[in-house]
Structures are given as structure tokens and as C-alpha cells.
Amino acid sequence: QVQLVESGGGLVQPGGSLRLSCASSRNIFNFYAMGWYRQAPGKQRELVASITREGITNYADSVKGRFTISIVNAKNTVYLQMNSLRPEDTAVYYCNAATPGPHYWGQGTQVTVSS
């Protein structure tokens with residue numbers, strides 16, 4: 001069983017920054033990709049950013065140029081640096097680890113952007 005533990009969420013003013021972390025209990029080389037998703041109230045969960053084992057990244061159009069996904073292999077941790085945050089970024093953010101079989105999810109961390 002894989003455990004993904006997210007941290008780093010919180011309340012931030014518009015224009016501010018946060019860095020989310022997701023620590024995996026399994027060596028991340030076991031996953032072909034890791035990603036961050038978010039779900040706002042009343043909306044479907046959506047992909048925010050992903051990174052493959054080879055380091056190829058993909059971003060939702062709404063966060064391009066503001067968010068950066070990265071991995072520190074030695075820590076088995078994936079990060080999401082979020083800059084220039086907007087109220088519409090408010091959501092629960094979930095970490096995802098993808099394998100050819102099951103996908104694994106973290107418990108989620110709340111990000112609230114408000115003045």
C-alpha cells in the first residue's frame with residue numbers, strides 16, 4: 001500500500017505564494033507520473049500539474065506561468081510551487097501517483113486564497 005501525505009496548504013492573500021509538498025511512502029521511481037489535482041466546491045476534480053518519471057511536465061492552462069511542479073527523488077517528494085495566487089485557485093489540492101495499475105491519492109490539503 002502506498003501512502004501520500006500532503007502538506008503546505010493554508011490561507012493566503014491574492015498575489016501570494018504557497019508551496020505544497022507530497023511525501024510518498026514508496027520510492028517514486030515506482031510511479032510513471034505524479035501529479036497535483038484540485039477540487040473546488042461544486043466542481044469536478046481537475047488536473048493542475050503533472051510530472052513524469054522522465055521529468056516531462058504538464059500544466060493546466062489556468063496555472064501556466066504561475067505554478068511549478070518538481071520532484072526531489074532523494075526525499076520521495078513532489079512539490080507544487082504556487083505563485084501569484086488568485087481567489088479562483090481556492091480548492092482542496094490532492095497529490096496523485098500513477099502506476100500501470102492503481103492510482104494512489106493523498107488525503108488532500110486546503111488552499112484558500114482570500115483577502
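The values are calculated or read from the model by the stated rules, or taken from the named source; none is laboratory data. Computed from a prediction, not measured in an experiment: that's the story for all the values here. Every residue, glycine as well, gets a Cβ built from its backbone with ideal geometry; the counts of neighbours run over all protein chains shown. The accessibility values were calculated without ligands, DNA or RNA, using every heavy atom of the protein model including side chains. Shrake-Rupley method; radii C 1.70, N 1.55, O 1.52, S 1.80 Å.
Within segment 43-60, restricting attention to residues that are of a type in the set (A, V, I, L, M, F, W, C) and over 11 Å from the mean Cα position of the chain (by Cα), which residue is nearest to PHE29 (Cα to Cα)? Working first, answer last.
To start, the set of residues in segment 43-60 that are of a type in the set (A, V, I, L, M, F, W, C) comprises 47-49, 51, 56, 60.
Still in the running and over 11 Å from the mean Cα position of the chain (by Cα): 56, 60.
On the way: ILE56: 14, ALA60: 24 Å.
So the residue we want is ILE56.
Just the residues that are at positive phi and in a strand (DSSP E or B), please, taken from segment 1-31.
GLY10, the sole residue that qualifies.
Any residue in segment 52-59 that is open to solvent by less than 20 Å² (accessible area, probe 1.4 Å), in contact with a strand residue (DSSP E or B) (Cβ under 7 Å, 6 or more places away or on another chain) and over 17 Å from GLY9 (Cα atoms)? Show your work before the answer.
Taking segment 52-59 as the starting set, the residues that turn out to be open to solvent by less than 20 Å² (accessible area, probe 1.4 Å) are none.
Within segment 52-59, not a single residue is open to solvent by less than 20 Å² (accessible area, probe 1.4 Å), in contact with a strand residue (DSSP E or B) (Cβ under 7 Å, 6 or more places away or on another chain) and over 17 Å from GLY9 (Cα atoms).
Only one residue in VAL72, VAL63 is closer than 26 Å to ARG26 by Cα and either of a type outside the set (Ser, Thr, Tyr) or touching a residue at least 40 places away in the same chain (Cβ under 8 Å) (or both), so which one is that? Give the derivation first.
Values: VAL63 fails: closer than 26 Å to ARG26 by Cα.
Going through VAL72, VAL63 in turn, the sole match is VAL72.
With the condition kept exactly as written, say whether any residue in segment 32-43 is hydroxyl-bearing (Ser, Thr, Tyr), under 16 Å from THR109 (Cα atoms) and touching a residue at least 24 places away in the same chain (Cβ under 8 Å).
Restricting attention to segment 32-43, the residues satisfying the condition of being hydroxyl-bearing (Ser, Thr, Tyr) are 32, 37.
Narrowing the set further to residues that are under 16 Å from THR109 (Cα atoms) leaves 37.
From the residues that got through so far, the ones that are touching a residue at least 24 places away in the same chain (Cβ under 8 Å) too are 37.
Within segment 32-43, one or more residues are hydroxyl-bearing (Ser, Thr, Tyr), under 16 Å from THR109 (Cα atoms) and touching a residue at least 24 places away in the same chain (Cβ under 8 Å).
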